[in-house]
Structure formats: C-alpha cells, structure tokens
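The values are calculated or read from the model by the stated rules, or taken from the named source; none is laboratory data. Predicted, not measured: the structure shown is a model, and the values here were computed from it. All Cβ positions, even for glycine, are placed from backbone atoms using ideal geometry, and neighbour counts span all protein chains on display.
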Amino acid sequence: MQIGNFKIFADLVETKSFSRAAKLNGITQSAVSQQARSMERHFKTLLIDRSQKQFQLTREGDRVYESAKEVLHAYEKLLSELQEMKKVISGTIRISTIYSIGLHEMPPYIKEFLSEYPSVNVRVEYRRSNLVYEDIVHNAVDLGLVAYPVKMRQIEIIPFIEDNLVLACHPKHALAEKKEVDVETLVDFKFIGFDPDIPTRKAVDAIFRDYKLELETVMEFDNIETVKRAVEIDAGIAIVPQATVEQEVRQGTLVAIPFSDKRFVRPLAILHRKGRVLTPAMKKFIDTLTNKKANK
C-alpha cells in the first residue's frame, strides 16, 4: 500500500465523486474505481457501500479513511520538516482566487515573492468565490484568496488586506467632477452590479438596505472586468473595489469617487484547510502577503 493510494481514497471520500477525485490526481475515473477496489482487496473488506445511490462508506471504510488522513498528515509533515532542515524553499504553490484579487491585488506580492524565492512555482487559478472554498475543502489547491471571508469549520482564515469601495463612473458622467459622493445620490442613476451570489454584491446590497435605497440595476455581471467595461461605455455607475480601477483611472477611462458618508471597506483573506501541513514555501508566501508591503 502506497501513499498515493491513501491520497486517492481520501480525495474520493471528501469529494464524494469519482470524477472529482480523478481530476485532483490527474488520473481517469476508472483508475480511481480500480484503486478503491484494490484497497478493498488489500484490507479484505468492503470500504464503499455500493447499495446506496449516494456515495457512502461502510463502517470499515470510515476507519480506513480516518487512518488515511493520519498517514497523509504524517507524510506531509515529514516532507515539510525535511525541507526546513535543508533550508529548501522550493516546490509548487497552487492558489485559487477570485478575479479581482488575482488580477489587481496579488501581482506585486507574487513578483516580490518570486524575486526572493525563484525556485518556487506559483500557479494561480481564477474562480468564483464559492468555488474557492470548495477547492480549499477538497484539497484541490494549497491556498485561497477571497473577499468578505466566511467562517467554515474546515477552513483557516488569515486576514490579508482591506480595500475601499468607491463609485466608478464614466469621465463624462454627471457625477464625474465630484470629489466625493454620498450614497443617497446614486438613486438617480442607472446602476451596474455584480451577480447576486458575489460577496461584493451582497455587501453593496447591505449598504443600500441600510440607506433604504432602491436603485435601477440595468446590468449584472460575475466579474469585475466586465463591470468595468460596462461603466467605460457609460451604461451606468458601479460600486467597485478601489484597487481594481486604479489602472483605468490613470488611463482616464474611468473616474473613481470616494464616499462622503463613511468608509466602506472590503476585507480580503487568505484561506487554507485546517490541519493542513504548510510547506516552507507556503509559509514564506503567506509571510509575504501578510507581513510585507509589496511595491505597487
């Protein structure tokens, strides 16, 4: 029995999906099924209750899964300790992040990190917020970055930075000349928002509820880049994270106006699965994100 067998089995149990477990391990669905049957032959007992429609373990399967987690944790801990003893900072860090953070917040930190640790490979995947949490829970990635982090039993949350929410509008819009704007003013204009399940959209909705406002939402999108393009053609105004429009403001295609009422902040956070062994490279990357000021 090899470490790989335990990992595939643990991934299968945690995702409850042969196809997902196959994707996580870069093998076919049929190979995952064969691995599961191979483990049953090895332990001479059924591990998966195949009489049920939904994926379910037998009592023996539950016990093997718990032991598999212990074996995998001990193995990962050993690898990490050996790397630390050799003072090796290398390997691959897999990151799942929402578009706005990956495109606008992370680049200076990644640049700083790679200049100091060139032997590390940082792989970034852009995902919707809910899928970032899934990636972390299922061990599909090492770290996740999200806005407005949600507490979950299986996930460790590390504060990253806070961004301000600002009003974005076209340079020729009626509000463009204002130095600051109050929230009530927005009710007179067409509004462009994020899809309802996007955390920033929920935060904006909460602001409008607090002010008892109902705005005319003319468009809704699932990512910041599309929202900005709509504002650039003067289809409406939008509330966006300040860092995401800095380039357009410099280029003169958008105007960003702070709010006069109060400072509306957007907290960002780093996620990793609770109990996960962090390699030296992962620890250094988290240090770069949390302890150092990257040059923007």
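Residues in the stretch 1-16 that are surrounded by fewer than 17 Cβ atoms within 10 Å (Cβ to Cβ) and not hydrophobic (A, V, I, L, M, F, W, C): GLN2, GLY4, ASN5, LYS16.
In the set (1) surrounded by 18 or more Cβ atoms within 10 Å (Cβ to Cβ); (2) of a type outside the set (A, V, I, L, M); (3) not assigned by TED's automatic domain parsing to the domain that holds GLY236, the condition left unmet by PRO108 is number (1).
May I ask you to say which residue of LYS262, LYS274, LYS293, LYS283 is closer than 17 Å to PRO108 by Cα and at pLDDT below 95? Exactly one of LYS262, LYS274, LYS293, LYS283 is closer than 17 Å to PRO108 by Cα and at pLDDT below 95, namely LYS293.
In the stretch 200-218, the qualifying residues are those that are in contact with a helix residue (DSSP H, G or I) (Cβ under 9 Å, 6 or more places away or on another chain) and surrounded by 16 or more Cβ atoms within 10 Å (Cβ to Cβ), and the one that is farthest from VAL265 (Cα to Cα) is LEU215. Residues in the stretch 112-127 that are surrounded by fewer than 18 Cβ atoms within 10 Å (Cβ to Cβ) and hydroxyl-bearing (Ser, Thr, Tyr): SER115, SER119, TYR126. Within the stretch 36-69, track down each residue that is small (Gly, Ala, Ser) and either under 33 Å from the mean Cα position of the chain (by Cα) or closer than 19 Å to GLN2 by Cα (or both). Across the stretch 36-69, the qualifying residues are ALA36, SER38, GLY61, SER67, ALA68.
Yes/no per residue for (1) touching a Phe, Trp or Tyr at 6+ places or on another chain (Cβ under 9 Å); (2) not aliphatic (A, V, I, L, M):
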site: LEU12; (1), (2): yes, no
site: ALA21; (1), (2): yes, no
site: GLY26; (1), (2): no, yes
site: SER30; (1), (2): yes, yes
site: HIS42; (1), (2): no, yes
site: SER51; (1), (2): no, yes
site: LEU57; (1), (2): yes, no
site: ARG63; (1), (2): no, yes
site: TYR75; (1), (2): yes, yes
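Between VAL181, VAL166, the distinction of being of a type in the set (A, V, I, L, M, F, W, C) and out of contact with any helix residue (DSSP H, G or I) (no Cβ under 8 Å at 6 or more places or on another chain) belongs to VAL181 only. Restricted to helices (runs of 4 or more DSSP H) entirely inside the stretch 1-100, those with at least 2 residues that are at pLDDT below 90 and more than 30 Å from PRO149 (Cβ to Cβ) are 3-15, 29-43, 59-85.
Taken over the stretch 133-169, residues that are assigned by TED's automatic domain parsing to the domain that holds GLU232 and assigned to a loop (DSSP other than H, G, I, E, B) amount to 0. Given the conditions (1) touching a residue at least 60 places away in the same chain (Cβ under 8 Å); (2) buried (at least 20 other Cβ atoms within 10 Å of the Cβ); (3) part of a helix (DSSP H, G or I), and given that ASN130 satisfies all but one, which numbered condition is not satisfied? Status for ASN130: all satisfied but (2).
Inside the stretch 156-169, residues that are crowded, with 19+ Cβ neighbours inside 10 Å and either at pLDDT 95 or above or not charged (D, E, K, R) (or both) make up a count of 6. Among the residues of the stretch 238-246, are any surrounded by fewer than 16 Cβ atoms within 10 Å (Cβ to Cβ) and either within 30 Å of VAL71 (Cα to Cα) or out of contact with any Cys (no Cβ under 9 Å at 6 or more places or on another chain) (or both)? Taking every residue of the stretch 238-246 in turn, at least one turns out to be surrounded by fewer than 16 Cβ atoms within 10 Å (Cβ to Cβ) and either within 30 Å of VAL71 (Cα to Cα) or out of contact with any Cys (no Cβ under 9 Å at 6 or more places or on another chain) (or both).
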